[in-house]
Amino acid sequence: MRSAEDWSRLGGVVITVLAVAAVAVLLVPRLLGVAAGPEAEIITALKSTERDGLSLTLPGVEEPLRSQKHYFARITVNVEPGGERAVAWATLDFDGLLGRTAISSLGVERVPFVRREGEWVPERLAAPRLAAVVRVLESRRRALEAGDREALKALLAPGLESATGGGEAELERVLGLQRRRYRAETWLLRLERDDAVATEAWRLEGQLPSRPVDERGQRRFSLIRHEEEFLFSSSLM
């Protein structure tokens with residue numbers, strides 16, 4: 001039979017093995033990432049969102065943009081000198097919701113990455129260009145509903161501020177409604193490197209002096225990248 005001293009030694013060995021295993025669980029993935037290089041780490045970080053889901057916070061919008069399903073493909077990574085920053089280019093196929101608005105998007109995504117505490121993470125969002133396009137569309141919807149002309153003008157690309165980019169008569173008709181409610185039911189998006197196209201299915205409700213209004217329709221918009229934002233490059237209506 002084993003003595004108490006033998007059992008004590010065996011227990012010490014077991015504790016040591018468990019401690020080493022715990023350290024390995026924490027360190028091995030990081031060491032493997034270092035061995036594989038930043039490109040592999042960044043690609044893995046983007047692809048892992050397909051399993052975990054995306055929730056993108058948009059400035060000035062209460063609800064986040066949430067994915068129902070999405071897929072990153074054709075990922076390329078450019079690491080900046082110094083090895084602390086990088087940019088991932090990819091195509092993103094996205095279906096999700098912003099509140100009650102259904103969004104389907106396909107196109108180019110540019111994701112800046114930074115190295116924090118030894119790991120590569122998105123600098124801000126995992127899909128910043130998609131977020132920028134959805135934000136400007138939602139800002140337009142809110143400004144129309146609120147009748148905020150200044151907010152609408154701020155959404156136009158430089159050179160179009162003095163007008164609404166076309167569609168002035170339709171804009172006046174919409175803003176002339178009382179108890180106005182403007183809803184985007186769907187946004188279908190196509191994103192390129194420096195511009196985007198959006199098709200909106202909308203519903204407009206309100207009141208004229210003579211009758212109530214309840215209309216549905218579709219509109220197509222062109223947007224252009226301006227620094228880190230997208231702005232309307234043609235008619236708001």
*Just report the Cα centroid separation between the range 161-232 and the range 63-83, whole Å.*
29 Å
*asked:* Could you work out how much longer the chain between GLU123 and LEU106 gets when fully extended? Use 0.36 nm per residue separation minus the Cα distance between them, nm to one decimal.
replied: 3.9 nm
*Sum up the charges of everything whose Cβ sits under 15 Å from the Cβ of VAL213, counting Lys and Arg as +1 and Asp and Glu as -1, but leave VAL213 out.*
+2
*If you wrap a convex hull around the Cα atoms of the range 160-224, how much volume per residue is inside, in Å³?*
91 Å³
_Taking the square root of 5 times each eigenvalue of the Cα gyration tensor, what semi-axes in Å does the equivalent ellipsoid of the range 43-99 have, largest first?_
25, 15, 9
*Environment charge at ARG181 (Cβ cut-off 14 Å; Lys +1, Arg +1, Asp -1, Glu -1)*: +3
_Computed over the range 195-235, the ratio Rg/Rh where both radii use C-alpha atoms and Rh is Kirkwood_ = 1.21
*In nm, give the distance between the simple-model label positions of GLU192 and THR44, each being 7 Å from the Cα along the Cα-to-Cβ direction.*
3.6 nm
_Debye equation applied to the C-alpha atoms of the range 108-225, log10 I(q)/I(0) at 0.15 Å⁻¹_ = -0.76
*Ranked list, fewest to most other Cβ atoms within 10 Å of each Cβ, for THR49, THR91*: THR91, THR49
*Spin-label point model (7 Å from Cα, Cβ direction): what's the GLU62 to HIS226 distance in nm?*
2.8 nm
*Expressed in nm to one decimal, what extension gain is obtained for the pair GLU205 and GLU80 from 0.36 nm per residue of sequence separation less their Cα-Cα distance?*
39.9 nm
*asked:* Using the alpha carbons of the range 38-237, what is the convex hull volume per residue in cubic angstrom, as a whole number?
replied: 118 Å³
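A short reminder: the numbers here are calculations on the coordinates, not readings from a lab. Since the model is a prediction, treat every value here as computed from it, not as a measurement. Quick reminder, even Gly has a Cβ in these numbers, built from the backbone with ideal geometry, and neighbours come from all protein chains shown.
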